[in-house]
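Quick notes on the structure that follows.
The values are calculated or read from the model by the stated rules, or taken from the named source; none is laboratory data. Keep in mind it's a predicted model, so treat the numbers as computed, not measured. FYI the Cβ positions are ideal-geometry reconstructions off the backbone, even for glycines, and counts take in every protein chain you see. Quick note on the areas: whole protein, heavy atoms, side chains included, nothing else; ligands and nucleic acids left out. Shrake-Rupley method; radii C 1.70, N 1.55, O 1.52, S 1.80 Å.
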Amino acid sequence: MKWLKRLLWAGIFLIIVIVAFAFCLPYLNDYQSEGKLLLTGLKKPVTVKRDEKGMAFIYAENMHDAIMAQGFVTAQDRLFQMQLTRLFAQGRICELAGEKARHLDIRMRTIGLHRTAKKQAKMLDQETRDYFQNYVDGVNAFIEQYPGDLPLEFKLAGIKPEPWSVTDSLCILYYMGYSTSANLNTEVVTQMLVETVGPDRAVEILPININPDDPGDSGQTFIPPLGRPSAYSLKADENMLALIRDLPLRVGSNNWVVSSNLSPGPKPVLASDPHLDPRILPGVWYPLGIITPEVRAVGANIPGLPGFALGRTNYISIAMTNNYGDMQDLYVETVNPNDPDRYLEGKKSLPFEVIEETLKIKDKGAQEGYREDKIKIRLTRRGPVVSDVLPGLETEKVITLRWAPVESMTPVIGLSGLLTAKTTADLHEALADVPMLCLNWVFADVKGNIGYRASGTLPIRPRGDGTVPYQVTSSEDNWKGWIPQADMPHSDNPKRGWLGTCNHKTVPNNYPFYYSSYFAPSYRYSRLKELMKSPGPKTVDNHWQYQRDVKNLMAAKIAPVMAKALLAHEDTREMGNILSNWNFMDEPGLAAPTIFQTTYINFARLVFEDELGPEVTTTMLNNWYFWEERLQQMVLSGSSEWFDDENSSGKVETIDDLFHQAGRKAKAQLSARLGSDPNNWLWGKVHTLELVSPIRRKGPGKELLGSGPMPMGGSGETLYRGWYGLDDPFAVTNCASLRMVADMADDDKIVAVLPGGVTGRLFSPHQKDQIKAFMDGSKLYWWFSDKAINEHTESTLTLEPKQN
């Protein structure tokens, strides 16, 4: 029996070791959050209180110290995330990932966000420069003065933290701005359609963009002057979309604000759920509070940027979505046939500007672990030559990318004004000075005013030609100045008592300028209008529920047509019955959403693939905004030349034929994946969100360090957003990156939740402690009043000035 005792004691010892290891894990990657630390650069002592979620609340005697402390605490929690974002935006991922990231780095270097940030940094006025510099000083104080507290992730990734600079923060700001400039999708896909089927047929399937608030907007798309393919000598393909692919800060979102007329209290209520790619823990946003004698602000921002982008102060509340204003154009340029180092503007020959940059590529076989690779980037007067970095472009011409913020920057960046604004009028003024961000902002003030403004500076295009690449034939500029800020979309205190945006078209049909040809379909905003029309005041709980609303208005129109076609055939009748009894809610426990989404994707392929081919069709369908309203119009009309299969002979296919074929394909796909019983094809089995650690995104240990796949409701068409890509249906790629409801009448708290947690540190209890609440709809809080902050304080750190 000795062996049994030994085995028992060995088991007990192993349990003790496991428990001890689990107990020690959080301390392996921690930082000092209590006691006292000395910081060079502070003017007065600063107190940092952290609550049960690890969220920091900064108490400072002046704004200089508050912003410096913000940089410090953000670095404590998110320095590794900041480093990854910096490497991505600057085109330096090769330093971490090696040769496989070379093309990504060349792409980002060519786009030139870092060049743009350096240009901006040189022209900042003193007040704006000081604002960014104070934040940077706080980040660097953590890096340089407390190296023992650096995140473990740096060692695991084999890289070292670097000093931060104002240019680094501006590069992240411009990276965010570039990520919101989504109209490039439309230019690329439109050009592909023109080249595939010609301009006359391409016009038939261009996007339909509807402003649901404009009775005069028929939804007819803007029709650009489409040239014949031969006029461009340009072969556009899916590779062109590399210019906007893999950008985790690409913003979607919902936001709205209601006045006291629709709220139960005497002041406005604001709601926000920005839709980004939240899958890398701990999430995109960093929340904190800033309290000085002049300012009380609680909200969130992108790590690496000072102040806040959404949240509330003691005077205002604010949140944003993407407005998709067209800030980008592609140009088809002609190389001088007599001199490849020059390009032509009509008969005028100009030299390419050439920039040489050096990639540092991780290589175990190289001395010191890295090798260098020099690249050359060519630029015309419009911007960088992007065709050099896009494999697969077969053309004797070159394509350049022009981006408005490179030309519209000014010495002032108005985001700092969000902290100090006291009225909605102040916010209008501040947001007029944010030229690099094309966003829809809704806001409120304590006086009861509510407002909306679109930020960003957009070019005036007299020819209205922002939808297709522009052929350069002379030195004449197709941009003629900028849309005046007074003419940018904005509103205040509407009679209906609320304002909101869901990335839909917000400009009226008679807007005097070309604004964009790329907007979200109207489904989410139309659903928001339905909810706002429901009787009674809208409580905080109501707004919290609206953010998780799963009613699919696209399905409400299309599913009955689909069900009718499926019911007509024995092999798809059961699927038709499920759709016929559906309430159009994209609930994870229902089979109907799975059947609808799978069948509709197959239907869309059948409609377009015979004319466009599989590659162009997939590229177009992956750009959901491009085709959803258009295909819906075709379905509801009941007939279209596009329904006929050009590859079939002796028969003209109808919409019912295609829905039946699509249903059969869906049945085969879902049976192979989920079994033969359609009642078991539950949406939550396939529509899942998975959060992963930046250290272990794939392979063994991924689920241990992440969340594992989690069933999720909603879809791309619901307020509770759950977007997916056709390369991996139906895994969620974009959804709410936080949810927030701020009641200006509640001085104690803001309702808010993150998908992961406050800190990015592996093993920290606050890296993913909000996942459950995020998924099940439980309410968490950002504390606002001193009383609430003090009641929930779990640690207190004093930052004191360090004498040189």
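A few remarks follow.
- Within the option set VAL386, VAL398, being touching a Leu at 6+ places or on another chain (Cβ under 9 Å), aliphatic (A, V, I, L, M) and open to solvent by less than 40 Å² (accessible area, probe 1.4 Å) holds for one residue only, VAL386.
- Filter result for SER764 (more than 26 Å from ALA444 (Cβ to Cβ), open to solvent by less than 10 Å² (accessible area, probe 1.4 Å) and out of contact with any Ser or Thr (no Cβ under 8 Å at 6 or more places or on another chain)): no
- Condition broken by VAL635, with the remaining ones in (1) within 28 Å of the chain's Cα centre (by Cα); (2) assigned to a helix (DSSP H, G or I) satisfied: (1)
- Taken over region 568-601, the residue count meeting the criterion of being more than 17 Å from VAL550 (Cβ to Cβ), open to solvent by less than 20 Å² (accessible area, probe 1.4 Å) and either without any contact (Cβ under 8 Å) to a residue 12 or more places away in the chain or among the β-branched types (Val, Ile, Thr) (or both) is 3.
- Members of region 757-788 that are aliphatic (A, V, I, L, M), outside any loop (DSSP other than H, G, I, E, B) and within 23 Å of the chain's Cα centre (by Cα): ILE771, ALA773, MET775
- Elements of the type strands (runs of 3 or more DSSP E) sitting completely within region 271-363 and holding at least 3 residues that are open to solvent by 20 Å² or more (accessible area, probe 1.4 Å): these cover 348-351, 353-362.
- The set of residues in region 726-756 that are open to solvent by less than 10 Å² (accessible area, probe 1.4 Å), in a strand (DSSP E or B) and closer than 30 Å to ARG673 by Cβ comprises VAL732, CYS735, ALA736.
- First in region 320-342 and free of Cβ contacts under 8 Å to residues at least 40 places away in the same chain, second anywhere and open to solvent by less than 10 Å² (accessible area, probe 1.4 Å) and of a type in the set (Phe, Trp, Tyr), Cβ under 8 Å, 6 or more apart: ASN336/TYR343
- Among the residues listed as THR74, THR180, the single one being polar (S, T, N, Q) and more than 23 Å from VAL385 (Cα to Cα): THR74
- For ALA604, the conditions (1) more than 25 Å from ASN503 (Cα to Cα); (2) without any contact (Cβ under 8 Å) to a residue 60 or more places away in the chain; (3) buried (at least 18 other Cβ atoms within 10 Å of the Cβ) all hold with the exception of (1).
- Looking only at residues of region 376-390 that are assigned to a loop (DSSP other than H, G, I, E, B) and under 14 Å from ASP105 (Cα atoms), we find that the one that is modelled with the lowest pLDDT is LEU390.
- Some residue of region 519-539 being farther than 30 Å from LYS749 by Cβ, out of contact with any Cys (no Cβ under 6 Å at 6 or more places or on another chain), open to solvent by 20 Å² or more (accessible area, probe 1.4 Å) and not in a helix (DSSP H, G or I): no
- Enumeration of residues in region 233-270 that are modelled with pLDDT under 95 and open to solvent by less than 20 Å² (accessible area, probe 1.4 Å): LEU234, ALA236, MET240, LEU241, ALA242, LEU243, ILE244, LEU247, LEU249, VAL251, GLY252, SER253
- Count - residues of region 607-647 that are open to solvent by less than 60 Å² (accessible area, probe 1.4 Å) and either without any contact (Cβ under 8 Å) to a residue 12 or more places away in the chain or among the basic types (Lys, Arg) (or both): 2
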